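Beneath this line is the structure, given in structure tokens, with notes to follow.
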């Protein structure tokens, strides 16, 4: 048996870090995804009030500085939360990608939100038929759940037929 195998179980993170470090040093693969996954990494509350601007890589591609634009009122709070934010980022990527944050105060433009789609409405004659079918259901909570489900199915069906 080889010495490597005899040493017992090892954490896969430690081994994968050794295997991927040349690639990370060369490519810095997480640079683009830190911008696109920002809200998922830091959470929706922080994600809406601060945005990453750029990343200055550290030696060997690890331990860089992330420059973040922060709204004025959040700057002090983010300064106190810096260790947790760095831990979240590094935990998200599985290696020490960020060593520190550098904050720049400024306005944040909120993301453009699409208006909520208008829920389709079922035809009145279909609703009358549905209510007649549900009269035999004795449990009021079950009847209400079936009514809501039926109305949504009928409305979608009628919308698809009209398209």
Helices (runs of 4 or more DSSP H) wholly inside segment 72-163 containing at least 3 residues that are modelled with pLDDT under 85: 72-93, 140-162
Exclusive hit being in contact with a strand residue (DSSP E or B) (Cβ under 7 Å, 6 or more places away or on another chain) and surrounded by 15 or more Cβ atoms within 10 Å (Cβ to Cβ), set 46, 74: 74
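So is residue 32 within 16 Å of residue 97 (Cα to Cα), modelled with pLDDT of 65 or more and assigned to a helix (DSSP H, G or I) or not?
Numbers: within 16 Å of residue 97 (Cα to Cα): yes; modelled with pLDDT of 65 or more: yes; assigned to a helix (DSSP H, G or I): yes.
Spelling it out, residue 32 is indeed within 16 Å of residue 97 (Cα to Cα), modelled with pLDDT of 65 or more and assigned to a helix (DSSP H, G or I).
The values are calculated or read from the model by the stated rules, or taken from the named source; none is laboratory data. Not measured: the values here are computed from a predicted model. Backbone-built Cβ (ideal geometry, glycine too); neighbour counts: all protein chains shown.
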